[in-house]
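Each reported figure results from applying straightforward, stated rules to the coordinates on display, with no laboratory input. Because the structure is predicted, anything quoted here is derived from the model rather than measured. Virtual Cβ from ideal backbone geometry, glycine too; neighbours counted across all protein chains shown.
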Ligand code: PEP
Ligand code: MN
């Protein structure tokens, strides 16, 4: 595999020192970015060389923040608008970013696709759209099985490029902490590219605006970044205390979410997420009980702050009707300001021969059911969370340009879950636009 490690200085640098005792006292307690280490942690890699991992964590802790506190606060304010039923959250991107696919074109196509989808929803419904890309840090994956067997050979599962390699070889599958440096480098470049594209699209809009002689004020298009808060050693290294807000912030991305496999009430991931001031997400699958959801909201959003918590349902088209209403009752009964969003991907995965796939019909069905159920319960259908790519892949089935089972091997490029291709994503946006508008 050919990729260069680097960018973070090799020489000895003073490691970032996490806030002083005084600062910790200011956040009203004793939370520190490293205390998740005392909790049971699911899904974390077991590095064979823990000293090497520690050295790399120190180098990362000395690197500058990837995103600014001001931008994170900007997103939180926009999400508060979603909570207040004035905006819609559009979140999407790869299941897993990969080192091999990385490049400016890849970032640009994701950026453009999200903007096009958002424009469709906005034009038809008149509702403002918050664009949140699954990008610039989505390099690690929770797995259902710890090992993978092919024929006679069993190896550790692939856990995303930030952890190990996708090739089915013993060498590739060993967790290597140096991979965190490459993940960080690519995330940093991605954040810079997104900022440049946002600036360029704003400049374009301004030109169109001036030529058309419009007088209404123009707001810049903002594109925020998000990923699953899975690798807590990486997150810890970039968790910084901001004296102005007297809070700890995760600075690897604007928005982090907890996966359905790492949301244990007493687990390390929940312990980490509760201490950061960022807007956060929580995946809610069929195994989440109403009681657990109540306890998680107590821990993750004790102040019931609008924009702080987004609950991302992911039940499956056949299960959403069974599970969503009881969870909606929890948020309704406690008067929670949490946003409800729907991930119609992860409950609808099925296998077709050697490939994992998803059918567009199931995806649209779960989204439609989400809108119908939330509205029937007097809740707000606040957003959607999609796995998609601007590329012309053949990973999901169906759509206006039919992808059929026989087509799957043609361009099945994902390293993890099957993504909507560009046309399928636009098909979903078309459906969404109608649903948001009604
Ligand atoms: C994902 O979003 O890629 C994922 C693994 O989701 P979940 O935690 O909902 O299974
Ligand atoms: Mn996925």
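By the beta-carbon count within 10 Å of each Cβ, the least crowded to most crowded order of 170, 377, fewest first, is 170, 377.
The fewest-to-most ranking of 134, 85 by surrounding Cβ atoms within 10 Å reads 85, 134. Taking every DSSP beta bridge with both residues inside segment 51-437, roughly what % is antiparallel (nearest 5)? So the antiparallel bridges amount to about 25 percent of the total. The residues 323, 392, when put in order of fewest to most other Cβ atoms within 10 Å, stand as 392, 323.
Shape analysis of segment 51-437 yields a ratio of the Cα radius of gyration to the Kirkwood radius, Rg/Rh, of 0.95. One Cα centroid belongs to segment 54-75, the other to segment 321-391; the line between them spans 31 Å.
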